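> Sharing a structure here in structure tokens format.
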Amino acid sequence: MATTDYGLKVSRPGYSIESTDERELAFTSERNVLKVKVQGATTVNGVSSTSIAHGLAYLPAFVVYGEITAGSDIFYAANPAEWYAEVDTTNLVITVSSGAGIKDFYYYIFIDAGS
Amino acid sequence: MADIGIKISKSGYGVDDTDPRNFVLHSAYSAFKIISKGQVAFNVVIGNTSVTVTVAHGQSIIPAFWCHFELEDGEAWQHYHARGFIAPTAYNPQDPDGKSLGCNSFIDATNLNMMIRISSPATSAYTLYGYYYILADPTT
């Protein structure tokens, strides 16, 4: 076995581990996977911001889900008219730019770099 | 015993590396898990200013999701997760009316909702497409 020919593959049910179509694999170590560093729920009250320290010294990838209106339990992955999220080398910052009430948010910050 | 798990390092890195970015898989860190994925069609009819398609997720939680929309055509498909109205490009067979298009998506306790918006009532019928991933991971 060549030194570079190693790793792990897990095929999806009904497909062979010998498949050359990566879509038929549940996992292949030839491809990176987004790894969650931290995830959690937070709230923002009215037009304001909240910061979540990520503990990474670089800009990590992230995704945020937020309520469309306070108490709705309807979540958008992006709603630039009312809120947005950004990351720096210290924090993920979620900012509500319009709308009243306490909105629920849920965030995932990844180990993997966002830039 | 807490010190158990699996790690697979990226090519060129040792499995004893202390930087988790250097691993393709590290069981100390969760990864998004896909429950379902699919394509949806937005059938625009004359007069529409928006078209919404719902996909039942069948989960007892409100799950995380990922959506992409094909709203424009150029040398390759351009996919958007969400965007406000953007004027069409010169060559845009997906929007024969030549109107600006927008898109967004949200999820509730029952459905993933995907929508496209048209800047003014459609004057012809056409079809746009979207793609979604519904994840096992929560939003609440």
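> Might you let me know whether the stretch A:89-105 holds any residue that is modelled with pLDDT under 90, aliphatic (A, V, I, L, M) and closer than 30 Å to B:Leu25 by Cα?
Checked the stretch A:89-105: no residue is modelled with pLDDT under 90, aliphatic (A, V, I, L, M) and closer than 30 Å to B:Leu25 by Cα.
Let's see how each residue does on (1) assigned to a strand (DSSP E or B); (2) over 24 Å from B:Lys7 (Cβ atoms); (3) free of Cβ contacts under 8 Å to residues at least 40 places away in the same chain; (4) of a type outside the set (Gly, Ala, Ser):
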site: A:Ala26; (1), (2), (3), (4): yes, no, yes, no
site: A:Gln39; (1), (2), (3), (4): yes, no, no, yes
site: A:Thr42; (1), (2), (3), (4): yes, yes, no, yes
site: A:Phe62; (1), (2), (3), (4): yes, no, no, yes
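> Of all residues in the stretch B:52-77 being more than 20 Å from A:Ala78 (Cβ to Cβ) and modelled with pLDDT under 90, which is nearest to the other protein chains (Cβ to nearest Cβ)?
Of the stretch B:52-77, the ones more than 20 Å from A:Ala78 (Cβ to Cβ) are B:56, B:58-61, B:73-76.
With the extra rule that they be modelled with pLDDT under 90, the set shrinks to B:73-76.
Details: B:Asp73: 22, B:Gly74: 22, B:Glu75: 24, B:Ala76: 19 Å.
Checking each candidate, the answer is B:Ala76.
> Could you check the stretch A:62-112 and list, in sequence order, the residues that are under 18 Å from B:Asn111 (Cβ atoms) and more than 12 Å from chain B (Cβ to nearest Cβ)?
none
> Moving on. Report the residue count in the stretch A:67-115 for those that are assigned to a loop (DSSP other than H, G, I, E, B) and surrounded by fewer than 19 Cβ atoms within 10 Å (Cβ to Cβ).
Matching residues across the stretch A:67-115 total 20.
> For the stretch A:48-57, name all the residues that are surrounded by 13 or more Cβ atoms within 10 Å (Cβ to Cβ) and within 12 Å of chain B (Cβ to nearest Cβ). Talk me through it step by step, then tell me what you get.
From the stretch A:48-57, those surrounded by 13 or more Cβ atoms within 10 Å (Cβ to Cβ) are A:49-52, A:54, A:56; that's our starting set.
Residue satisfying the conditions is A:Leu56 alone.
> Please state which of the following conditions A:Asp5 fails to meet, knowing it meets all the rest: (1) more than 12 Å from every other protein chain (Cβ to nearest Cβ); (2) under 21 Å from B:Ser11 (Cα atoms); (3) modelled with pLDDT under 90.
The number of the failed condition is (1).
> So which residues in the stretch B:1-48 are surrounded by 13 or more Cβ atoms within 10 Å (Cβ to Cβ), in a loop (DSSP other than H, G, I, E, B) and more than 10 Å from every other protein chain (Cβ to nearest Cβ), if there are any at all?
B:Tyr13, B:Asp17, B:Asn48
The values are calculated or read from the model by the stated rules, or taken from the named source; none is laboratory data. No experiment lies behind these values; they were computed from the predicted model shown. Reconstructed Cβ throughout: ideal geometry from the backbone, glycine too, with neighbour counts over all protein chains shown.
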